[in-house]
Amino acid sequence: MLGEAEEQTKQDSRMVTEVSQTGRGMTSLRTRRRMVKRLREAGISQPEVLAVMEKTPRHLFVDEAFAHRAYEDTALPIGFNQTISQPYIVARMTGLLLQAGPLSDVLEIGTGSGYQTAILAQLVKHVYSLERIKALQDRARQRLHSLRIRNVSLRHSDGGLGWAEQAPYDGILAAAAPAEIPEDLILQLRPGGRMVIPVGGASQQLVLVIRKERGFERQVVEDVNFVPFQSGIA
């Protein structure tokens with residue numbers, strides 16, 4: 001018998017094959033364009049970010065039961081007590097990372113469904129993405145492969161440790177909130193590099209960290225609500 005993760009991966013594969021990337025009905029390109037219009041109204045203005053958000057089929061990164069809600073501005077469950085972030089947060093974090101100009105190598109903490117990974121991969125040279133839950137990583141790998149996104153390296157690992165072998169990075173983006181920013185991650189930024197990460201417990205803030213030649217600059221962006229950062233692998 002297939003395990004839950006294997007069965008879901010097969011379902012995801014069939015879904016990518018059977019459903020056009022342009023979608024239909026509530027997953028159509030028209031629906032995606034309405035999502036982008038809402039993002040503009042919410043203050044997202046970088047044209048390259050908006051273009052990729054419009055192009056990328058978010059409905060392929062959620063369970064089929066939630067596909068009709070894929071372009072609502074809401075987080076959705078992806079299993080294992082994890083979520084796919086709402087489109088606004090994905091666009092906001094991506095925009096903050098790219099605000100100072102194009103990036104080459106970016107580290108992502110928390111592959112999750114692979115949606116944020118797919119957005120980043122279309123805007124930077126290479127994405128190194130860590131996921132502590134192997135079943136989620138396997139699903140994300142299948143989705144990225146099906147969409148022919150090749151400039152991504154995936155690793156099953158504790159995100160708090162980063163990926164030192166590939167450091168330093170131009171940017172780091174985290175999809176889970178630690179109580180404090182892990183020092184290992186900060187040290188893997190190159191000078192001028194930027195990190196976007198939610199920080200806190202019951203009350204969380206999105207934080208932008210910029211590595212300087214000497215020290216770091218930290219800016220609080222806005223209040224957010226992410227799943228908590230967890231150590232170890234599963």
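Less than 5 angstrom separates the built amide H of Ala177 from those of Val227, Phe229, all sequence-distant by 5 or more or on a different chain. Counting lysine pairs in the chain whose alpha carbons fall under 28 angstrom apart, excluding pairs fewer than 8 residues apart on the same chain, gives 8.
Placing R0 at 35 angstrom, the Cβ-Cβ distance between Glu72 and Leu187 gives a FRET efficiency of 0.40 after rounding to 0.05. The simple spin-label model puts a point 7 Å past each Cα toward its Cβ; for Arg38 and Gln219 those points are separated by 2.7 nm. Estimated purely from DSSP H runs of n ≥ 4, each contributing -39500 (n - 2.57), the mean residue ellipticity at 222 nm for the chain is -9500 deg cm²/dmol once divided by its residues. Counting neighbouring Cβ atoms within 10 Å and putting the fewest first, the residues His59, His68 line up as His68, His59. Its Cα centre serving as origin, the chain has a Cβ charge dipole (Lys and Arg +1, Asp and Glu -1) of approximately 880 debye. Once both labels are positioned 7 Å from their Cα atoms along Cα-to-Cβ, the gap between Ala202 and Asp158 label points is 2.8 nm.
For the chain, the longest principal axis of the alpha carbon atoms and the long axis of helix 87-98 meet at an angle near 40°.
Which angle between 0 and 90 degrees, to the nearest 10, do you get for helix 29-41 versus the longest principal axis of the chain when only C-alpha atoms count? Once rounded, one gets 30 degrees. For segment 193-234 versus segment 108-123, the spacing of their alpha-carbon centroids is 17 Å.
Scoring 175-186, 29-40, 114-125, 208-219 by mean Cβ neighbours within 10 Å over their residues and listing the highest first yields 114-125, 175-186, 29-40, 208-219.
Coordinate-derived values only; no laboratory data. Just so you know, these numbers come straight off a predicted model, no measurement behind them. Glycine also receives a Cβ, built like all others from the backbone with ideal geometry; neighbour counts cover every protein chain displayed.
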